[in-house]
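Each remark here refers to the structure printed beneath this line.
What follows draws every value from the coordinates through simple rules; no lab data is involved. All values reported here derive from a predicted model rather than from experimental measurement. Every residue, glycine as well, gets a Cβ built from its backbone with ideal geometry; the counts of neighbours run over all protein chains shown.
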Amino acid sequence: MNDNMTEKIVTRFAPSPTGFMHVGGVRTALYAWLFAKKNNGTMILRIEDTDKEREVEGSIEHIIKSLKWLGITWDEGPDIGGPNAPYLQSQRLDSYKKYAKILVEKGLAYADPYSEEELEIFRKKAEEEKRPFLFRDHRPLNPPAWDGTQPLRLKIVNAEKTKWHDLVRGDLEAGPEALDDFILVKSDGYPTYNFAHIIDDLLMGVTHIFRADEFISSTPKFIALYNALEIKRPEFVTLPPIMGPDGKKKLGKRDGAKDILDYQKEGYLPEAVINFLSLIGWNPGGEKEIFSVDEIIELFEIEKIHTGGAKFNEDKLLWTNKEYIKNKSDIDFIKEIKERNPRKDLTLDGIEKIVPIVRERIAIWSDISLMWQNGELQFFFEKPIYEKALLLPKGTNDNSVTAKHLLKVKEILENNVDWSAESIKNDLWDYASEVGRGNVLWPLRTCLTGRDKSPDPFTVAEVLGKTETLSRVGEAINQLNI
Ligand code: GLU
């Protein structure tokens, strides 16, 4: 039987706790998760905290919070444990020591006896001679016994061309200069990333490594280590770089490589962010842009991951979010409108009636806060205060003419029994067309809203109700007549 057919897929997301999660990290986690889900596999969250100098406090909680917000789950991890616990590399030092010793015993790792100063001299010399600095050119003939205080280095026995296959990039190769006696364990006793991740992937049974393209250049070293340990290596799945909106350089902070939880704060929906991120560097083919998470899992295939850089376009994220938010329930909208209301004294009677208006206008929840800030919603719940001049259509200055039009509007609307935007429009249309639509609809809209920009007067009148509408029209007539 083919081994691959029965092998359980195991993927992992292995972030270093060195700061917040940005879109790049999240996309790596997402693809690893999608692949595990698609194949009924296992997804592991492993925290690579062996670089104590770069560690940022609170990062682990932040990583977990970000993934949870997006709905990316794991079957084993620091917060839930699992058969391969612990999942923090700093708690797995014994495993690394064990494999380090195996390599020492095999004669494939040795203690680095040099001081920083001595290394610097080697480096300078290489620079002067215009050749790349390779530690293996200075490998000591009789290294001291490794006592744990010196760095431990891998001995590259065959510095040859390395060839390997990447499930996305295809066949890759690198020359012997990519191979050097790299450090496995530092003098502080912590393993390097290069070493620790290989031991952990082995012990955790990882079958597929999803990661960013910055690791391609180190892959020959990883392969040398797999060979030295005589272990089968997992498949490499290298994701395309995420490029800024111009498509020319990698996404930087200035074009939106921000903390993923900022999207949460701004009122993006996790399902929209997942949809958007899935399509940065992968596409199932076809024109469709909106996919549920289940659809994405169903369609996800490594073969469809792109090799070239994938553009990050925040406008597209906004568009995607709008597509999702418009399908949110009235209850969700009401909750957000209420919570974001800055005026706690305002009674939001009839709030359900403004849901369609808000739904049509927002792309992210925080747009509702902007609507409140801009005064786009208050007039639905309290009489607007405005200058009489606002009631006069542009180019007119005769109060009595506008008052006359509003009086006619009042008369017509008093007889309306339906009170729908449509019937209000129908009733007013003939008169407005006869005397000039702007002459009638402008003062009607401004007296209802107190604003020069707002939804159309028919919609507003419907939401306000007949009594309130007639009352506001009446007040405007009075003002104009003073
Ligand atoms: N700890 C590495 C990082 O955060 C992970 C790389 C990998 O997935 O192997 O960049």
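Put the Cα centre of the range 341-379 next to the Cα centre of the range 117-183 and the gap is 62 Å. In this label model, residue 316 and residue 116 are separated by 4.5 nm, measuring between points 7 Å along each Cα→Cβ vector.
Pairs of Cα atoms under 8 Å, at least six residues apart: use those to get the relative contact order of the range 216-330, whole percent. Relative contact order, the range 216-330: 34 percent. Close amide H contacts of residue 184 (hydrogens built in the peptide plane, cut-off under 5 Å, sequence separation of 5 or more or a different chain): 152, 153, 154. For the range 153-239, the dipole from Cβ point charges (+1 on Lys and Arg, -1 on Asp and Glu) about the Cα centre works out to 140 debye, to the nearest 20. Counting Lys and Arg as +1 and Asp and Glu as -1 over every other residue whose Cβ lies under 12 Å from the Cβ of residue 151, the net charge comes to -3. Between the residues 40, 119, 72, the greatest Cα displacement towards the positive end of the dipole of the range 1-119, with unit charges on the Cβ of Lys, Arg, Asp and Glu, is found for 40. The Cα center of the range 250-324 and the Cα center of the range 67-115 differ in position by 31 Å. Residue separation of residue 347 and residue 423 scaled by 0.36 nm, minus their Cα-Cα distance, works out to 24.6 nm of gained length.
Across all directions, the average flat footprint of the convex hull enclosing the Cα atoms of the range 305-431 is 13.1 nm².
Aspartates and glutamates near residue 326 by alpha-carbon distance under 12 Å, same-chain residues fewer than 8 away left out - which ones? List returned: 360. Across the chain, C-alpha contacts under 8 Å between residues 6 or more apart give a mean separation that, scaled by the residue count, equals a relative contact order of 12 percent.
In straight-distance terms, cross-link reach from residue 68 covers every one of the aspartates and glutamates whose alpha-carbon lies under 18 Å from its own, apart from those fewer than eight places away in the same chain; here that gives 76, 79, 259, 262, 266, 271, 294.
Here the range 242-320 is assigned +1 on the Cβ of each Lys and Arg and -1 on the Cβ of each Asp and Glu. Its dipole about the Cα centre then comes out at about 560 debye. In debye, nearest 20: dipole of the chain around its Cα centre with unit charges on the Cβ of K, R (+) and D, E (-)? My answer is approximately 440 debye. Computed from backbone phi with θ = phi - 60° and the Karplus coefficients 6.51, -1.76 and 1.60, the 3J(HN,Hα) list for the range 150-166 is 8, x, 9, 10, 7, 8, 7, 8, 10, 7, 10, 5, 10, 10, 8, 10, 10 Hz; x is used for glycine and proline. Please compute the net charge surrounding residue 413, taking Lys and Arg as +1 and Asp and Glu as -1 over other residues with Cβ under 12 Å from its Cβ. Residues near residue 413 contribute -1 overall. Could you tell me which of the pairs 8/322; 344/453; 353/383 are separated by over 28 angstrom between their Cα atoms in the structure shown? Going by Cα-Cα distance, 8/322 fall outside the 28 Å limit. Annotation: lysines with alpha-carbon distance below 17 angstrom to residue 404 (same-chain offsets under eight excluded): 388, 394. With each label modelled as a point 7 angstrom along the Cα→C-beta vector, the residue 433-residue 97 pair spans 9.0 nm.
Karplus-derived 3J(HN,Hα) values for the range 347-352, using 6.51 cos²θ - 1.76 cosθ + 1.60 with θ = phi - 60°, are 8, 8, 5, x, 4, 4 Hz; glycine and proline are entered as x. Beyond 29 Å in Cα-Cα separation lie the following of the pairs 97/221; 38/249; 130/155; 52/258; 265/311; 304/328: 38/249; 304/328. Where does the charge balance sit around residue 61 when Lys and Arg score +1, Asp and Glu -1, over other residues with C-beta under 12 Å from its C-beta? Result for the neighbourhood of residue 61: 0. Per-residue packing, averaged as other Cβ atoms within 10 Å, sorts the ranges 461-469, 273-281 into the order 273-281, 461-469, beginning with the highest.
Phi angles across the range 173-185 convert, under the Karplus curve 6.51 cos²θ - 1.76 cosθ + 1.60 with θ = phi - 60°, into 3J(HN,Hα) values of 8, 9, x, x, 5, 6, 10, 9, 6, 7, 6, 9, 10 Hz, Gly and Pro given as x.
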